[in-house]
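Reviewing the structure listed below.
Please treat every number below as a calculation from the coordinates, not as lab data. For clarity, every value in this text was computed on a predicted model and none was experimentally measured. All Cβ positions, even for glycine, are placed from backbone atoms using ideal geometry, and neighbour counts span all protein chains on display.
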Amino acid sequence: MKRKMNVFKKDNLKEQKKLYMVLIGLALLSVIFGIIFIFFINKDNVNLINSKITDYFSSSNKDYLSLFIKSLINNFIYILIIWLFGLSIFGVVVSVIIMMFKSFLFGFSFVSIISTYGLKGLLISFIHMFPHQILFLIVILLLTFYASSFSLKLFKYLFLKRPISFKEVMSKYLKILLISLTVSLFISLYDGFISNFLVNLFN
């Protein structure tokens with residue numbers, strides 16, 4: 001019996017490692033695709049993007065509280081959607097797509113700022129995106145991992161008749177949600193107040 005449990009735990013760990021590596025790979029590919037995407041769009045669209053970025057950073061909006069609330073709502077929406085779709089077997093596909101989309105946006109935003117401001121854009125990108133947006137990507141990645149893991153356990157329980165402690169699994173999944181929301185709160189505080197303050201110093 002103990003041997004069977006040990007084998008089951010080892011198989012479970014292998015599956016989790018494979019899942020985690022797949023998600024990391026998809027996130028990295030999405031970031032890379034976001035970086036190179038700007039080279040595949042026409043000049044008019046590039047000019048439009050540059051204009052939007054210039055307008056965003058040159059705006060005189062100093063209402064940091066409003067920026068914080070906007071960032072918080074945006075981050076919470078990402079987290080809640082990923083978490084909720086993880087509760088279903090097939091909805092986890094949506095969670096993975098959202099994670100990839102967020103990773104794509106990160107890469108695209110980074111290169112677009114550099115495209116707009118040149119060398120100065122490197123500094124603006126760094127201030128605007130590091131470390132909080134990197135940290136949020138990690139939160140999204142980990143949450144997607146746990147959402148996928150929860151969904152797989154549910155699938156095995158329903159279709160492969162694998163026994164699970166639903167109360168224990170759900171309790172852990174709820175803790176992951178609370179941790180993600182808490183970390184996102186601090187990320188939004190940095191984004192709304194510190195990051196925007198620093199960016200405004202260069203405009």
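Axis of helix 119-129 versus longest Cα principal axis of the chain: the two differ by about 40°, to the nearest ten degrees.
Please state the relative contact order of the chain as a whole percent: Cα pairs under 8 Å, 6+ residues apart? Relative contact order comes out at 33 percent. Normalised by the number of residues in segment 104-203, the average gap of Cα pairs under 8 Å and 6 or more apart makes the relative contact order 36 percent. Karplus-based coupling profile of segment 49-56, in residue order and whole Hz: 5, 4, 5, 5, 5, 4, 4, 5, with θ = phi - 60° in 6.51 cos²θ - 1.76 cosθ + 1.60 and x standing for Gly or Pro.
Indicate the gyration tensor shape class of segment 94-203 (rounded, prolate or oblate), computed on the Cα atoms with a ≥ b ≥ c the square roots of the eigenvalues: a/c under 1.5 is rounded; otherwise a/b larger than b/c is prolate and the rest oblate. Since a/c reaches 1.5 but b/c is at least a/b, the shape of segment 94-203 is classed as oblate. As a proxy for reagent exposure, Ile113, Ile73, Ile53 were ordered by neighbouring Cβ count within 10 angstrom, fewest first; the result is Ile73, Ile53, Ile113.
For trypsin sites (Lys or Arg not before Pro), the sites in segment 25-84 that DSSP calls loop and that have at most 12 other Cβ atoms within 10 Å are Lys62.
Shown here for segment 129-203: trypsin sites (Lys or Arg not before Pro) in loop regions (DSSP other than H, G, I, E, B) with at most 14 other Cβ atoms within 10 Å, namely Lys161.
Where in the chain is the longest stretch that carries no chymotrypsin sites (Phe, Trp or Tyr not before Pro) classed as loop by DSSP and with at most 13 other Cβ atoms within 10 Å? The longest such stretch corresponds to 91-201. In the chain, helices alone account for a calculated mean residue ellipticity at 222 nm of -28500 deg cm²/dmol, with every DSSP H run of four or more residues adding -39,500 (n - 2.57). Couplings 3J(HN,Hα) of segment 106-117, computed from phi: 4, x, 5, 5, 4, 6, 5, 5, 5, 4, 7, 10 Hz, in residue order, whole Hz [Karplus 6.51 cos²θ - 1.76 cosθ + 1.60, θ = phi - 60°; x for Gly and Pro]. How far is helix 64-85 tilted off the main Cα axis of the chain, in degrees rounded to 10, range 0 to 90? Computed tilt is about 30 degrees.
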